[in-house]
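Enquirer: Below you will find the structure I want to go over with you.
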Amino acid sequence: MIVATVLAPLFILQAAGEALLAVKNDNPETWTVEYPRLIQPYVADYRRCLTVANRRIAGTADFEAQHAADVARCAEVKAKAIAASNTDLAGAKTTLTPEQVDTLFDNIGKIHIARGRDLDQQFLARMAGAANASDTYEAERPKGLVIELRDASVVKARTDASAAAAEASKDTP
(Lines give C-alpha, C1' and ligand atoms only; values in the text may rest on other atoms or scores of the structure.)
Protein backbone atom coordinates (compact mmCIF):
# COMPACT_ATOMS: atom_id res chain seq x y z
CA MET A 1 0.00 0.00 0.00
CA ILE A 2 2.78 2.42 0.94
CA VAL A 3 4.80 1.48 -2.14
CA ALA A 4 1.82 2.22 -4.39
CA THR A 5 1.40 5.62 -2.75
CA VAL A 6 5.07 6.45 -3.31
CA LEU A 7 5.24 5.21 -6.90
CA ALA A 8 1.91 6.65 -8.10
CA PRO A 9 3.21 10.24 -8.55
CA LEU A 10 6.18 8.93 -10.56
CA PHE A 11 3.89 7.07 -12.96
CA ILE A 12 1.63 10.09 -13.32
CA LEU A 13 4.57 12.35 -14.16
CA GLN A 14 5.77 9.92 -16.80
CA ALA A 15 2.35 9.75 -18.39
CA ALA A 16 1.94 13.53 -18.38
CA GLY A 17 5.19 14.12 -20.27
CA GLU A 18 6.54 16.58 -17.72
CA ALA A 19 9.48 14.49 -16.49
CA LEU A 20 12.80 15.80 -17.78
CA LEU A 21 15.66 13.67 -19.04
CA ALA A 22 19.26 14.72 -19.17
CA VAL A 23 21.79 13.53 -21.74
CA LYS A 24 25.30 14.29 -20.57
CA ASN A 25 28.59 14.19 -22.35
CA ASP A 26 31.51 12.32 -20.79
CA ASN A 27 32.73 15.70 -19.56
CA PRO A 28 29.72 16.94 -17.56
CA GLU A 29 31.05 20.49 -17.24
CA THR A 30 30.73 20.95 -21.00
CA TRP A 31 27.31 19.75 -22.21
CA THR A 32 23.91 19.06 -20.71
CA VAL A 33 20.71 18.74 -22.71
CA GLU A 34 17.30 18.61 -21.07
CA TYR A 35 14.02 17.87 -22.78
CA PRO A 36 10.54 16.61 -21.89
CA ARG A 37 10.12 12.86 -21.69
CA LEU A 38 7.33 13.19 -24.23
CA ILE A 39 9.82 13.69 -27.08
CA GLN A 40 12.34 11.08 -25.90
CA PRO A 41 11.63 8.69 -28.81
CA TYR A 42 12.47 11.40 -31.36
CA VAL A 43 15.67 12.36 -29.55
CA ALA A 44 16.63 8.68 -29.32
CA ASP A 45 16.03 8.20 -33.07
CA TYR A 46 18.24 11.16 -33.93
CA ARG A 47 21.00 10.11 -31.52
CA ARG A 48 20.82 6.54 -32.88
CA CYS A 49 21.21 7.86 -36.43
CA LEU A 50 24.27 9.85 -35.34
CA THR A 51 25.97 7.02 -33.48
CA VAL A 52 25.25 4.07 -35.77
CA ALA A 53 27.96 4.54 -38.37
CA ASN A 54 31.13 2.83 -39.48
CA ARG A 55 34.21 4.65 -38.21
CA ARG A 56 37.42 4.68 -40.24
CA ILE A 57 40.54 4.38 -38.15
CA ALA A 58 43.33 5.39 -40.49
CA GLY A 59 45.99 6.57 -38.05
CA THR A 60 45.00 10.21 -38.36
CA ALA A 61 42.92 12.44 -36.10
CA ASP A 62 39.78 12.71 -38.23
CA PHE A 63 37.01 11.62 -35.87
CA GLU A 64 35.66 15.16 -35.60
CA ALA A 65 35.23 15.29 -39.38
CA GLN A 66 33.55 11.87 -39.37
CA HIS A 67 31.16 12.98 -36.61
CA ALA A 68 30.40 16.21 -38.51
CA ALA A 69 29.57 14.11 -41.57
CA ASP A 70 27.11 12.15 -39.40
CA VAL A 71 25.23 15.38 -38.65
CA ALA A 72 24.87 16.06 -42.38
CA ARG A 73 23.92 12.43 -43.07
CA CYS A 74 21.16 12.52 -40.42
CA ALA A 75 19.64 15.85 -41.48
CA GLU A 76 16.46 14.17 -42.73
CA VAL A 77 16.01 12.22 -39.48
CA LYS A 78 16.58 15.46 -37.56
CA ALA A 79 13.94 17.32 -39.59
CA LYS A 80 11.39 14.55 -39.04
CA ALA A 81 12.21 14.42 -35.32
CA ILE A 82 11.80 18.20 -34.95
CA ALA A 83 8.47 18.15 -36.79
CA ALA A 84 7.16 15.21 -34.74
CA SER A 85 8.39 16.78 -31.49
CA ASN A 86 6.67 20.08 -32.26
CA THR A 87 3.46 18.22 -33.14
CA ASP A 88 3.50 16.24 -29.89
CA LEU A 89 4.40 19.27 -27.79
CA ALA A 90 1.67 21.46 -29.31
CA GLY A 91 -1.03 20.18 -26.95
CA ALA A 92 1.23 19.27 -24.03
CA LYS A 93 1.61 21.11 -20.74
CA THR A 94 5.30 21.75 -21.36
CA THR A 95 6.60 25.21 -22.25
CA LEU A 96 9.14 24.09 -24.87
CA THR A 97 8.78 26.34 -27.93
CA PRO A 98 9.55 25.27 -31.52
CA GLU A 99 12.71 27.42 -31.41
CA GLN A 100 13.84 25.60 -28.27
CA VAL A 101 13.20 22.26 -29.98
CA ASP A 102 15.39 23.38 -32.91
CA THR A 103 18.08 24.44 -30.46
CA LEU A 104 17.78 21.11 -28.63
CA PHE A 105 18.46 19.09 -31.77
CA ASP A 106 21.24 21.49 -32.84
CA ASN A 107 22.90 20.99 -29.46
CA ILE A 108 22.64 17.21 -29.79
CA GLY A 109 24.52 17.50 -33.09
CA LYS A 110 27.12 19.78 -31.49
CA ILE A 111 27.58 17.28 -28.65
CA HIS A 112 28.14 14.54 -31.22
CA ILE A 113 30.81 16.60 -32.98
CA ALA A 114 32.40 17.47 -29.62
CA ARG A 115 32.70 13.75 -28.86
CA GLY A 116 34.56 13.29 -32.13
CA ARG A 117 36.83 16.21 -31.24
CA ASP A 118 37.48 14.60 -27.85
CA LEU A 119 38.46 11.34 -29.56
CA ASP A 120 40.86 13.29 -31.77
CA GLN A 121 42.43 14.96 -28.74
CA GLN A 122 42.82 11.61 -26.99
CA PHE A 123 44.41 10.12 -30.11
CA LEU A 124 46.83 13.03 -30.49
CA ALA A 125 47.74 12.88 -26.79
CA ARG A 126 48.50 9.17 -27.04
CA MET A 127 50.53 9.65 -30.20
CA ALA A 128 52.51 12.47 -28.55
CA GLY A 129 53.11 10.28 -25.51
CA ALA A 130 54.31 7.41 -27.69
CA ALA A 131 56.61 9.73 -29.65
CA ASN A 132 57.98 11.18 -26.42
CA ALA A 133 58.62 7.67 -25.02
CA SER A 134 60.34 6.64 -28.25
CA ASP A 135 62.52 9.77 -28.24
CA THR A 136 63.42 9.21 -24.59
CA TYR A 137 64.37 5.60 -25.30
CA GLU A 138 66.49 6.56 -28.29
CA ALA A 139 68.27 9.25 -26.26
CA GLU A 140 68.98 7.00 -23.27
CA ARG A 141 69.74 3.66 -24.87
CA PRO A 142 73.35 2.50 -24.85
CA LYS A 143 75.36 3.14 -27.98
CA GLY A 144 77.61 0.56 -29.60
CA LEU A 145 77.80 -3.20 -29.08
CA VAL A 146 76.10 -4.41 -25.96
CA ILE A 147 76.00 -8.10 -25.18
CA GLU A 148 73.51 -9.10 -22.58
CA LEU A 149 74.42 -11.80 -20.07
CA ARG A 150 72.06 -14.31 -21.60
CA ASP A 151 73.47 -13.63 -25.07
CA ALA A 152 77.06 -14.06 -23.82
CA SER A 153 76.30 -17.50 -22.39
CA VAL A 154 74.76 -18.61 -25.68
CA VAL A 155 77.81 -17.35 -27.59
CA LYS A 156 80.18 -19.10 -25.17
CA ALA A 157 78.29 -22.39 -25.44
CA ARG A 158 78.42 -22.25 -29.22
CA THR A 159 82.12 -21.35 -29.17
CA ASP A 160 82.93 -24.23 -26.79
CA ALA A 161 80.97 -26.69 -28.93
CA SER A 162 82.62 -25.57 -32.17
CA ALA A 163 86.07 -25.63 -30.51
CA ALA A 164 85.53 -29.21 -29.34
CA ALA A 165 84.39 -30.21 -32.81
CA ALA A 166 87.47 -28.54 -34.37
CA GLU A 167 89.80 -30.41 -31.98
CA ALA A 168 88.06 -33.68 -32.76
CA SER A 169 88.42 -33.13 -36.50
CA LYS A 170 92.21 -32.47 -36.14
CA ASP A 171 92.73 -35.76 -34.28
CA THR A 172 91.07 -37.92 -36.93
CA PRO A 173 93.31 -38.69 -39.96
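Enquirer: Which of the following residues is surrounded by 13 or more Cβ atoms within 10 Å (Cβ to Cβ), modelled with pLDDT of 90 or more and farther than 19 Å from Gln121 by Cβ: Thr94, Thr87, Thr103?
Expert: Thr103
Enquirer: Here's something else I'd like to know. Restricting to segment 51-85, what's the tally of residues that are in contact with a His (Cβ under 8 Å, 6 or more places away or on another chain) and without any contact (Cβ under 8 Å) to a residue 60 or more places away in the chain?
Expert: 3
Enquirer: Now for a different question. For segment 30-78, give me the residue count where each residue is open to solvent by less than 70 Å² (accessible area, probe 1.4 Å), assigned to a helix (DSSP H, G or I) and among the small types (Gly, Ala, Ser).
Expert: 5
Enquirer: Out of Leu124, Leu119, I need the residue that is open to solvent by 80 Å² or more (accessible area, probe 1.4 Å) and either of a type in the set (Phe, Trp, Tyr) or more than 18 Å from Tyr35 (Cα to Cα) (or both). Which one?
Expert: Leu124
Enquirer: For the structure I just gave you, tell me whether Ala81 is assigned to a helix (DSSP H, G or I) and in contact with an Asp or Glu (Cβ under 8 Å, 6 or more places away or on another chain).
Expert: yes
The values are calculated or read from the model by the stated rules, or taken from the named source; none is laboratory data. Being a predicted model, the structure only gives us computed values, none of them experimental. FYI the Cβ positions are ideal-geometry reconstructions off the backbone, even for glycines, and counts take in every protein chain you see. Ligands, DNA and RNA are excluded from the accessible area calculation, which covers all protein heavy atoms including side chains. Shrake-Rupley method; radii C 1.70, N 1.55, O 1.52, S 1.80 Å.
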